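All remarks here apply to the structure that follows.
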Amino acid sequence: MKQIMRTLTAVTLVLLSSGSLLLAGTTGKIAGRILDKQTGEHLAGASVMIVGTTMGAAADRSGYYFILQVPPGTYSVRATVIGFESLTVTKVKVAADLTTKVDFSLLPTVLEISEGMTVVADRPIIEKDVTFSSHRLNSERIANMPTVADVRDLVARQPGVVGEGLHINVRGGRTGEMLYVVDGVSSRDPHFNQATRTTAEQVGEFTSNPVDELTARSGGLSVPANAISEVEVITGGFNAEYGNAMSGIVNVVTKEGGARHTGRLMYLTDDFGTGSFKTPYGDGTQLRTYSHNTDRLELSFGGPEPLTTHLLPRLGIKLPVQEITYFVAGSGNFTDLTSPFDLAYYAPTGEDRSAETRELNLLGLNLLRLGLPNRMDNRYNSLTNLSVRFSPRMKLTYSYQTDRSYYDEYNHAFSRIPENFWQRDERSFGHSLKWTHTLSDKTFYDLVLSYSDQDYLLTPGGLLPPEVRQLYLDLGSVTVRDDDQDGFYEAGFPARGTYHHRHTKTSSMKMDLTSQLHRRHQLKTGFELAYYDMFLGEIKYPYRYNERWDPATGGTPIDDGPWPALGAFRDFYTRTPANAAFYVQDKIEYESLIVNVGMRWDLWTPGTQVEDKVDEGTDLFGRKVKITFNPRLGISHPVTDKDILYFQFGRFTQQVDYQFLFIQDTQSSGALQLLGNPNLGSEETTQYELGVKHAFGDEVRLGATAFFKDYNGLLNTETRGRDPFTYSVYINRDFGSARGLEFSLEKRYSHFTSGFINYTLAYATGKSSSYRQGYDFGARGQPIPIREWPLDWDVRHSLNVNFDFRVNSGARPSFFGVRLPADMGVNMVWRFESGKPYTPSGRSSDQFTTRNSARLPYRTWVDVRANKDFRYWGLKTSVLLEVKNLTNRRNARAIYEETGQVLAFYRPQDLNPSAFTPGRNILMGLAFEW
């Protein structure tokens, strides 16, 4: 593997010889021109500073200036020059990857006798340098929205997006095609990323959760909502600086500590003390009528690091640093609203593990333990940033991130023995060290070293394989027992009884540079190297014993895993793949034309352990390397100061999950094998996008976008060999397409209101809705499609509405003659999706002609969040109310394909709560901010 890393490094260095290095969008730019207000002459040499920082620039001989590397936020910018009155522009908003234009017109004066003038920035509602579909949310908007516990909750509310949790489909793409980037570092699990099955298939498994779905996905490291400074959701094409994604990018910029100490503590609960909790068949009683037994806790604080800021200076010790700041954020969500496949529905409490406690991490140390009672679903995460600024030009930032979740997967047939539900335990953490060095006013670079560790364990009821076999023998060599034949089991474990454990370690280096070569040209270019250490241990049907594999009886183990004689399918491996990327792009800026043009190369190799099985690829220094080339072009044409037209074209590729290269189940039965394929290539799509935006004044913006996506090389399976010795392997052979129209209307905050409306009309068609559809259809004897059909997530119509009414401090508006209090707000989100398709079954159905020809009922939700703030002695106290599913609508998630009904024959076993979305849920709580 060292040879492979040297090879990739050499390739990268060759590529770098043609250019400099690139920034992953975590900062923005302020630029403009400084003129004499009376004569219109440019003021060469004028000084521009961001107030309260060391960031600034001097105007060139034509009066133009620019300030690079500005973190997202709101600033005051001051311009000064001898002989002119200084001018400060306040409320200047900066976003990652964008240019904020701030022009100055200064008045001449004989002597500087005042502090100068101050004006408020007129932030244009049209962002002229955006050449693709992009949606941005800052921390204030995120805090006001209901039901936002994770960044994925924000993604689901954007135009072109359907689904929930990890099952998010963007503009017709499969799940797992979004790349989440946190402070420039990918948070994706490269080993297991995609979801296996679609919602209807999941819910249709009434007697056992589809174990392939439970094992074959991971969300990677998640970010606490209270740690987000800004999030950008790119749902169309994107610049060359981003890669390894086919449907979009979620770019998260986290908070850092400031010049003063700040913090926030929030607690929400839906347990109001009396009555009974919900059951799968109805609401609770009394004050727990709409309770899911949920507690949510968020804590964040930061500021100047006290040791070096206060203590050491008093002792006469001065470190060679300018400032050190810190920021810590953590959140926990504990509920009986379980999330099978991350699609929430209510389920009764599973096994009582309330004696367990949880560790909260700070800077890698377990400093605090909480003893909250366990629920069906227990999740918490944290983020710690420590920033050291050595000088105005040099900065070092250390980040530590944790993510922990353990939860029971509700299984309706096992609801009488919840202790035997599937149990999942996920642990992840990551370190990153970022060095930022400003070489000049025009050029700076970033060097990021990162390491992440992700661990995933799935067991039936927490039982290890020997315990599963013992239970199987105790039951009389059966997996379940239904004594009264009512469809509910009194003993047993879910089908297959699979034991699944995987562990992925990722080490990466990324070096980036941004250079403003000319006021018209900003060059970005860079490279990234990543090395992976992947382990998988999986035993399916562990209750089956094979004497030929048992060393205790003279047998020969077929792998190095534990319990060598157990299991019908066994797969144990360790692999060390690697990948690299290089990209270069130029941002060309004129008043009436902005162009983003770039190229990207992605390289990857599956590792030495399977090198002898790789037949396809490019030979580099004796290794087979997969290489893809992706050109990108984005154009924005500001027609007027209130209208822009933009176009985007690009080729986008995504490396398949490494599991599909390595899976090699060893079997002891005649079941059809599904094997990995080290010769797999990347999936690809070609995208086109055309959009227009129009501003109505300074507060309202209307946008319309048309898009088309052509997919090729998608993952599926094919059968090989000859009867009776056949097997299936993964191949790049699927295809599909997506097209649609998006409309959006956004209103900025004014007259106490703000919000947005977005509507999408989309068509998603393809040959297969799952990367293993060929295997599944063949095993069930279903006809395999040979042309494009509506995909399982083909939602034709989707609508998102957000309305915010907010009264800030000092304001007292009247509503129908009633004067409203200040410091209060109400935020409402309404979502609507037309029905997903399904294939009717029955005697009159022909799956050759009726594939996905029927539709489920439409789905709709209304969520509300309200707050009232009180301010005493510098502390802001907020009373919070959050209502999920205000109308208490139980949306159907799946139906019986034979009848088209949600509850077929209305038997108790048909009342599976997973067939519906959750009912109304009411939470209340307090927040303290300082």
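So S477 ticks every box in (1) open to solvent by 50 Å² or more (accessible area, probe 1.4 Å); (2) touching a strand residue (DSSP E or B) at 6+ places or on another chain (Cβ under 7 Å); (3) farther than 27 Å from M376 by Cβ but one. Which box is left unticked?
(2)
Filtering the stretch 169-186 down to residues that are under 22 Å from L715 (Cβ atoms), open to solvent by less than 20 Å² (accessible area, probe 1.4 Å) and small (G, A, S), which residue is modelled with the lowest pLDDT?
Filtering first and then ranking leaves G176.
So, in the stretch 716-769, how many residues would count as being open to solvent by less than 70 Å² (accessible area, probe 1.4 Å), outside any strand (DSSP E or B) and closer than 30 Å to F805 by Cα?
Selection size over the stretch 716-769: 1.
Of everything in the stretch 122-166, what is of a type in the set (D, E) and either more than 24 Å from I30 (Cβ to Cβ) or open to solvent by less than 40 Å² (accessible area, probe 1.4 Å) (or both)? Give them in sequence order. Can you show your working first?
Start the filter on the stretch 122-166 by keeping residues that are of a type in the set (D, E), which leaves 122, 127, 129, 140, 150, 153, 164.
Once the filter is applied, which keeps residues that are of a type in the set (D, E) and either more than 24 Å from I30 (Cβ to Cβ) or open to solvent by less than 40 Å² (accessible area, probe 1.4 Å) (or both), the stretch 122-166 yields D129, D150, D153, E164.
What pairs come out if I take residues in the stretch 629-645 that are closer than 12 Å to I594 by Cα and pair them with residues that are open to solvent by less than 60 Å² (accessible area, probe 1.4 Å) and among the charged types (D, E, K, R) whose C-beta lies under 7 Å away, six or more apart or interchain?
That search, which allows pairs on different chains as well, returns S636/D129; I644/K693.
For the stretch 773-791, which positions are open to solvent by 20 Å² or more (accessible area, probe 1.4 Å) and in contact with a strand residue (DSSP E or B) (Cβ under 7 Å, 6 or more places away or on another chain)? Give the steps one after another, and end with the answer.
Of the residues in the stretch 773-791, the ones open to solvent by 20 Å² or more (accessible area, probe 1.4 Å) are 775, 778-784, 786-790.
Once the filter is applied, which keeps residues that are open to solvent by 20 Å² or more (accessible area, probe 1.4 Å) and in contact with a strand residue (DSSP E or B) (Cβ under 7 Å, 6 or more places away or on another chain), the stretch 773-791 yields Y775, G778, E788, W789, P790.
Would you check which residues across the stretch 77-88 are part of a strand (DSSP E or B) and out of contact with any Lys or Arg (no Cβ under 8 Å at 6 or more places or on another chain) and list them?
Quick first cut of the stretch 77-88, residues part of a strand (DSSP E or B) only: 77-80, 84, 87-88.
Scanning the stretch 77-88 gives V77, R78, A79, T80, F84.
From the set of residues in the stretch 469-508 that are small (G, A, S) and in a loop (DSSP other than H, G, I, E, B), which is modelled with the lowest pLDDT?
Step one: of the stretch 469-508, the residues small (G, A, S) are 476-477, 487, 491-492, 495, 497, 507-508.
After this cut, where a residue has to be in a loop (DSSP other than H, G, I, E, B) as well, the list is 476-477, 487.
Working: G476: 92, S477: 92, G487: 79.
So, considering only residues that are small (G, A, S) and in a loop (DSSP other than H, G, I, E, B), the one modelled with the lowest pLDDT is G487.
Evaluate the following for G526: is it farther than 27 Å from P460 by Cα, in contact with a Phe, Trp or Tyr (Cβ under 7 Å, 6 or more places away or on another chain) and buried (at least 21 other Cβ atoms within 10 Å of the Cβ)? Can you show your working first?
Numbers: farther than 27 Å from P460 by Cα: yes; in contact with a Phe, Trp or Tyr (Cβ under 7 Å, 6 or more places away or on another chain): yes; buried (at least 21 other Cβ atoms within 10 Å of the Cβ): yes.
It is true that G526 is farther than 27 Å from P460 by Cα, in contact with a Phe, Trp or Tyr (Cβ under 7 Å, 6 or more places away or on another chain) and buried (at least 21 other Cβ atoms within 10 Å of the Cβ).
Check the stretch 635-648 and report whether any residue there is of a type in the set (F, W, Y), in contact with a Gly (Cβ under 8 Å, 6 or more places away or on another chain) and open to solvent by 40 Å² or more (accessible area, probe 1.4 Å). Give the derivation first.
To start, the set of residues in the stretch 635-648 that are of a type in the set (F, W, Y) comprises 646-647.
After this cut, where a residue has to be in contact with a Gly (Cβ under 8 Å, 6 or more places away or on another chain) as well, the list is 646-647.
Adding the requirement that they be open to solvent by 40 Å² or more (accessible area, probe 1.4 Å) leaves 647.
Scanning the stretch 635-648, I find at least one residue that is of a type in the set (F, W, Y), in contact with a Gly (Cβ under 8 Å, 6 or more places away or on another chain) and open to solvent by 40 Å² or more (accessible area, probe 1.4 Å), so the answer is yes.
Scan the stretch 43-64 residue by residue and report those that are in a strand (DSSP E or B) and either more than 36 Å from the chain's Cα centre (by Cα) or at pLDDT below 85 (or both). First the steps, then the outcome.
We begin by selecting, within the stretch 43-64, every residue in a strand (DSSP E or B); these are 47-50, 56-58, 64.
Listed by number, the residues that qualify are S47, V48, A58, Y64.
Of the residues in the stretch 546-590, how many are open to solvent by 50 Å² or more (accessible area, probe 1.4 Å), of a type in the set (F, W, Y) and in contact with a helix residue (DSSP H, G or I) (Cβ under 7 Å, 6 or more places away or on another chain)?
If we filter the stretch 546-590 for residues that are open to solvent by 50 Å² or more (accessible area, probe 1.4 Å), which is where we start, we get 547-548, 551-554, 556-558, 560, 562-563, 574, 590.
Remaining after also requiring of a type in the set (F, W, Y): 563, 590.
Among the residues that remain, those that are also in contact with a helix residue (DSSP H, G or I) (Cβ under 7 Å, 6 or more places away or on another chain) are: 563.
Residues in the stretch 546-590 being open to solvent by 50 Å² or more (accessible area, probe 1.4 Å), of a type in the set (F, W, Y) and in contact with a helix residue (DSSP H, G or I) (Cβ under 7 Å, 6 or more places away or on another chain): 1 in total.
Regarding G607, is this residue farther than 30 Å from H500 by Cα and in the same structural domain as F572 (by the TED database)?
Working: farther than 30 Å from H500 by Cα: no; in the same structural domain as F572 (by the TED database): yes.
No; evaluated as a whole, the condition is false for this residue.
I'd like the full set of residues that are more than 26 Å from F238 (Cα to Cα) and in contact with an Asp or Glu (Cβ under 8 Å, 6 or more places away or on another chain), limited to the stretch 709-724. Steps first, answer last, please.
We begin by selecting, within the stretch 709-724, every residue more than 26 Å from F238 (Cα to Cα); these are 716-724.
If the condition is that a residue be more than 26 Å from F238 (Cα to Cα) and in contact with an Asp or Glu (Cβ under 8 Å, 6 or more places away or on another chain), then N716 is the only one that fits.
Consider E127 carefully, then state whether it is at pLDDT below 80 and either assigned to a loop (DSSP other than H, G, I, E, B) or outside the structural domain of R33 (by the TED database) (or both). If you could, list the steps in order and put the result at the bottom.
Details: at pLDDT below 80: no; either assigned to a loop (DSSP other than H, G, I, E, B) or outside the structural domain of R33 (by the TED database) (or both): yes.
Against the criterion (at pLDDT below 80 and either assigned to a loop (DSSP other than H, G, I, E, B) or outside the structural domain of R33 (by the TED database) (or both)), E127 does not qualify.
Kindly indicate whether any position in the stretch 818-831 is farther than 30 Å from W930 by Cβ, at pLDDT 80 or above and surrounded by fewer than 16 Cβ atoms within 10 Å (Cβ to Cβ). Step through it out loud before you land on a result.
At the first step, the residues of the stretch 818-831 found to be farther than 30 Å from W930 by Cβ are 818, 830-831.
Add one more test, that the residue is at pLDDT 80 or above, and what stays is 818, 830-831.
Among the residues that remain, those that are also surrounded by fewer than 16 Cβ atoms within 10 Å (Cβ to Cβ) are: 818.
Scanning the stretch 818-831 turns up at least one residue that is farther than 30 Å from W930 by Cβ, at pLDDT 80 or above and surrounded by fewer than 16 Cβ atoms within 10 Å (Cβ to Cβ).
Name the residue, out of Y858, Y838, Y896, that is at pLDDT below 80 and assigned by the TED database to the domain that holds V148.
Details: Y858 fails: at pLDDT below 80; Y838 fails: at pLDDT below 80.
One residue alone meets the criteria, Y896.
Return the residue satisfying two criteria in turn: it lies in the stretch 868-892 and is assigned to a strand (DSSP E or B) and among the hydroxyl-bearing types (S, T, Y), and of such residues it is most open to solvent (accessible area, probe 1.4 Å).
Of the stretch 868-892, the ones assigned to a strand (DSSP E or B) are 868-872, 875-884, 892.
Pick out the ones that are also among the hydroxyl-bearing types (S, T, Y) and you get 872, 877-878.
Details: Y872: 126, T877: 29, S878: 11 Å².
For the stretch 868-892, the residue satisfying everything is Y872.
Identify all residues within the stretch 797-837 that are over 35 Å from the mean Cα position of the chain (by Cα) and in contact (Cβ under 8 Å) with a residue 24 or more places away in the chain; write none if there are none.
A811, P813, P821
Would you confirm whether any residue within the stretch 589-603 is under 26 Å from the mean Cα position of the chain (by Cα), farther than 30 Å from L645 by Cα and touching a residue at least 60 places away in the same chain (Cβ under 8 Å)?
Yes: one or more hits.
The values are calculated or read from the model by the stated rules, or taken from the named source; none is laboratory data. As the structure is a prediction and not an experimental result, all values here were calculated from the model. Positions of Cβ are generated from backbone atoms using ideal geometry, with glycine treated the same way; all protein chains shown enter the neighbour counts. Surface accessibility is based on the protein's heavy atoms, side chains included, excluding ligands, DNA and RNA. Shrake-Rupley method; radii C 1.70, N 1.55, O 1.52, S 1.80 Å.
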